[in-house]
Amino acid sequence: MAEHNGDGLVLLVGSGMRVYREYLIQGAARHGRLWLVDEQPASWQRPYLAGSSVVAKRYPQRLVPELEDLYGAVAAVAADHRVAGLFTYDEVLVTATAHIADRLGLPGLSTEAAERCRNKPRTRLALTAVGLPQPRFAVAHTEEEAAKAAAGIGYPVVLKPRGMAASVGVVKASSPAELAEAFGTADRASYSGPAAYEGGVLVEELIDGPELSVDGAIVAGEYHPFCLAHKQLGPAPYFEEVGHVIDATDPLLADPELRRVLRETHRALGVRDGITHTEVRLSSRGPVVIEVNARLGGDLIPYVGRLATGIDPGRVAAQVCSGAVPDLTSDRAGCVGIRFCYPPVDCRVGGMALPEPGAVPGLLEARAIAQPGEAVRLPPRAHIGRHAYVICTAADRSTAAERLEQAAALVELDYEPLPEAELVGDRPW
């Protein structure tokens with residue numbers, strides 16, 4: 001099914017869950033021959049692949065294989081094939097992938113740029129140094145340090161792990177009375193990723209204004225945004241992302257101040273080649289960058305972006321990592337949005353009834369995420385505890401939001417509340 005470009009293999013490091021990531025593998029395969037390096041043998045990925053390699057986790061408690069094991073697997077492929085580039089869309093594999101690209105002399109994000117994006121305090125320092133608006137912040141390793149930092153910054157504050165993504169472990173504390181629990185949530189979450197980012201909580205000023213995300217391609221130092229999504233956040237004190245709406249002709253894509261901030265942010269971080277997912281608050285003092293992730297967005301945001309704009313994010317990622325300039329021209333108009341469905345309590349999923357397209361005007365897709373028998377937990381015991389999603393299209397953002405609400409209300413979930421002994425899952429947050 002691939003449109004082979006004849007320029008060598010593109011290697012994908014890590015594949016993720018099928019429901020969230022298959023469209024990216026499909027898109028990357030449209031660029032050319034794709035090889036997967038993953039911790040499990042290829043299964044559903046096979047139709048899109050020229051080949052695959054398995055890298056076992058050295059330590060069962062770690063989420064990712066060791067760097068040298070990953071490098072060895074990639075180097076073995078490079079010994080037998082010409083490799084044009086490699087990329088990942090998995091946050092915990094970003095720095096390892098950059099190290100490997102550096103060692104093999106392949107295009108892509110440098111190790112230093114990856115670290116500046118991955119390590120949130122380093123992002124803050126780099127952007128502050130060039131005068132870009134940033135929240136006041138401090139790094140705390142104990143509850144006492146966090147309390148002192150929050151008092152100096154002023155409440156409310158946001159606490160987050162140094163190196164996680166998807167708003168995992170991110171929590172607001174509005175007063176000293178809420179600080180201890182918030183610090184515990186953020187600190188525990190930091191131990192669920194690579195060891196290099198364990199411990200240490202970022203305490204920062206809460207920035208006002210709506211939040212959006214921008215996926216962009218950087219080629220030879222030039223930044224090109226191609227997917228701008230408006231976020232819907234779940235109930236406080238957490239920052240769970242429960243929905244996104246994308247307008248193919250969003251005027252913010254051409255906003256000169258937002259584009260300036262995005263360009264200068266990537267220059268400050270040293271990102272010259274790669275894909276990034278940047279989160280921004282449109283605050284009373286202008287656009288403020290909250291974080292930069294050195295990979296495509298999660299939450300099916302790029303998938304919704306493809307539906308809205310026609311731009312294939314998987315193919316774009318494969319092109320950029322190979323040193324090619326992607327075509328980021330949208331051929332569509334209108335809005336597409338996604339809404340994730342959450343159970344009312346921590347539960348075990350029984351059955352589920354999903355609305356069919358046509359049940360709500362503009363409903364494109366409704367799909368289960370959790371399977372029967374699966375436990376789904378809500379913050380703070382777990383994050384991204386969803387059982388389904390719905391996708392709708394409309395002529396404008398407000399109508400899209402209304403249709404998403406209507407469609408989500410039609411998702412029927414049969415469940416059993418989890419007993420007390422099962423409320424804490426196997427994830428450390």
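May I ask you to list the residues in region 225-258 that are surrounded by fewer than 17 Cβ atoms within 10 Å (Cβ to Cβ) and not hydroxyl-bearing (Ser, Thr, Tyr)? Once the filter is applied, which keeps residues that are surrounded by fewer than 17 Cβ atoms within 10 Å (Cβ to Cβ) and not hydroxyl-bearing (Ser, Thr, Tyr), region 225-258 yields Leu233, Gly234, Pro235, Ala236, Pro251, Ala254, Asp255, Pro256, Glu257.
When Ala140 is tested against (1) farther than 30 Å from Val288 by Cα; (2) buried (at least 20 other Cβ atoms within 10 Å of the Cβ), only condition (1) is not met.
Of the strands (runs of 3 or more DSSP E) lying entirely inside region 297-388, those carrying at least 3 residues that are within 22 Å of Glu402 (Cβ to Cβ) and at pLDDT 95 or above are 335-341, 363-368.
If only one of Thr123, Thr95 is out of contact with any strand residue (DSSP E or B) (no Cβ under 9 Å at 6 or more places or on another chain) and of a type outside the set (Lys, Arg), which one is it? Let's see the steps before the verdict.
On the way: Thr123 fails: out of contact with any strand residue (DSSP E or B) (no Cβ under 9 Å at 6 or more places or on another chain).
Just a single option satisfies the conditions, and that option is Thr95.
Of all the residues in region 363-406, those that are within 21 Å of the chain's Cα centre (by Cα) and among the basic types (Lys, Arg) number 4. Out of Leu24, Leu11, one residue alone is under 26 Å from Arg367 (Cα atoms) and aliphatic (A, V, I, L, M). It is Leu24. Within region 314-333, the set of residues being surrounded by fewer than 19 Cβ atoms within 10 Å (Cβ to Cβ) and in contact with a strand residue (DSSP E or B) (Cβ under 6 Å, 6 or more places away or on another chain) comprises Val325, Leu328. The number of residues in region 213-248 that are part of a loop (DSSP other than H, G, I, E, B), within 28 Å of Cys341 (Cα to Cα) and modelled with pLDDT under 95 comes to 6.
Here region 31-47 is the region considered, the condition is being at pLDDT 95 or above and within 13 Å of Ala318 (Cα to Cα), and the residue that is farthest from the chain's Cα centre (by Cα) is Arg33.
Can you name every residue in region 71-107 that is among the aromatic types (Phe, Trp, Tyr) and touching a residue at least 40 places away in the same chain (Cβ under 8 Å)? The answer is Phe87, Tyr89. For region 314-337, the tally of residues that are within 28 Å of Arg124 (Cβ to Cβ) and in contact with a Cys (Cβ under 7 Å, 6 or more places away or on another chain) stands at 0. Any chance region 268-278 includes a residue that's assigned to a helix (DSSP H, G or I) and either assigned by TED's automatic domain parsing to the domain that holds Gly85 or out of contact with any Phe, Trp or Tyr (no Cβ under 8 Å at 6 or more places or on another chain) (or both)? For region 268-278, residues assigned to a helix (DSSP H, G or I) and either assigned by TED's automatic domain parsing to the domain that holds Gly85 or out of contact with any Phe, Trp or Tyr (no Cβ under 8 Å at 6 or more places or on another chain) (or both): present.
The values are calculated or read from the model by the stated rules, or taken from the named source; none is laboratory data. Predicted model, so just to flag it, every value in this text is computed and none were measured. Cβ: placed from backbone, ideal geometry, glycine included. Neighbour counts: every protein chain shown.
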